[in-house]
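This report refers to the structure that appears directly beneath it.
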Amino acid sequence: MVLFPKKTKFKKYFKFKNFFSKFDNRCIIPKAGASSLKIIKGGRITSLQLESLRKVCKRKLRLKFKKETPRFNVFTDIAVTKKSSGVRMGKGKGSLDFWATFGNSGRILLELSPAVNKFSAISALKAASFKLPFKTKIVFK
């Protein structure tokens, strides 16, 4: 279940630079859930990383909370391109490689519902944080 948009304005985007140094103040407290994972140091998140987060959380919560699924506050909507190895300079932009989104510091990445108790939430979010390429912090409402 790789996340990507149905339609975008452009097929390929420019490379984003110095995007991670900002502080994101849009989603800094949990909205629907009681426990959540907050980004401390920003970075690029791929759709495969989000899928692995979902799987790990689902696996950790399977025993007691079977119907609980994590709620993501990000969506992978930026196409990242890559040229194959051994290709000379020029000849246009490379083909689409994967979908990604940018997580700035201070943003809530995923939330767990209030039905999940604190101990189970901590274990699930801690296991999920190991799947990310940057530092995160567990936050409670």
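The values are calculated or read from the model by the stated rules, or taken from the named source; none is laboratory data. Note that this is a predicted model, so its numbers are computed, not measured. Virtual Cβ from ideal backbone geometry, glycine too; neighbours counted across all protein chains shown.
Might you let me know whether region 35-46 holds any residue that is farther than 23 Å from Asn25 by Cα and either buried (at least 18 other Cβ atoms within 10 Å of the Cβ) or modelled with pLDDT of 90 or more (or both)?
no
Which count do you get for residues in region 89-132 that are closer than 27 Å to Phe65 by Cα and assigned to a loop (DSSP other than H, G, I, E, B)? It would help to see each step written out before you state the result.
Initial filter on region 89-132 (closer than 27 Å to Phe65 by Cα): 107-132.
Okay, now just the ones that are also assigned to a loop (DSSP other than H, G, I, E, B), so 107, 113-117, 130-132.
Matching residues across region 89-132 total 9.
Give me the residue from region 105-115 that is in contact with a strand residue (DSSP E or B) (Cβ under 7 Å, 6 or more places away or on another chain) and not acidic (Asp, Glu) and, out of that set, surrounded by the most Cβ atoms within 10 Å (Cβ to Cβ).
Looking only at region 105-115, we keep the residues that are in contact with a strand residue (DSSP E or B) (Cβ under 7 Å, 6 or more places away or on another chain), and these are 105-112.
With the extra rule that they be not acidic (Asp, Glu), the set shrinks to 105-110, 112.
Details: Ser105: 17, Gly106: 16, Arg107: 19, Ile108: 23, Leu109: 23, Leu110: 24, Leu112: 27.
My answer is Leu112.
Please give the number of the condition Thr69 fails out of (1) touching a residue at least 40 places away in the same chain (Cβ under 8 Å); (2) within 16 Å of Leu3 (Cα to Cα).
(1)
So which residues in region 69-104 are touching a helix residue (DSSP H, G or I) at 6+ places or on another chain (Cβ under 8 Å), surrounded by 16 or more Cβ atoms within 10 Å (Cβ to Cβ) and more than 21 Å from Lys15 (Cα to Cα)?
Within region 69-104, Pro70, Phe72 qualify.
Looking only at region 116-136, how many residues end up being buried (at least 17 other Cβ atoms within 10 Å of the Cβ) and either free of Cβ contacts under 8 Å to residues at least 12 places away in the same chain or within 22 Å of Asn25 (Cβ to Cβ) (or both)?
Residues meeting the conditions: 4.
Would you point out the residue of region 50-69, among those that are modelled with pLDDT of 85 or more and touching a strand residue (DSSP E or B) at 6+ places or on another chain (Cβ under 9 Å), that is farthest from Leu110 (Cα to Cα)? Full working, then the answer.
Step one: list which residues in region 50-69 are modelled with pLDDT of 85 or more, which gives 50-61.
From the residues that got through so far, the ones that are touching a strand residue (DSSP E or B) at 6+ places or on another chain (Cβ under 9 Å) too are 50, 53-54, 57, 61.
Working: Leu50: 9, Leu53: 9, Arg54: 9, Cys57: 10, Leu61: 14 Å.
It comes out as Leu61.
For Val139, all conditions in the list (1) assigned to a helix (DSSP H, G or I); (2) in contact (Cβ under 8 Å) with a residue 40 or more places away in the chain hold save one; what is the number of the exception?
(1)
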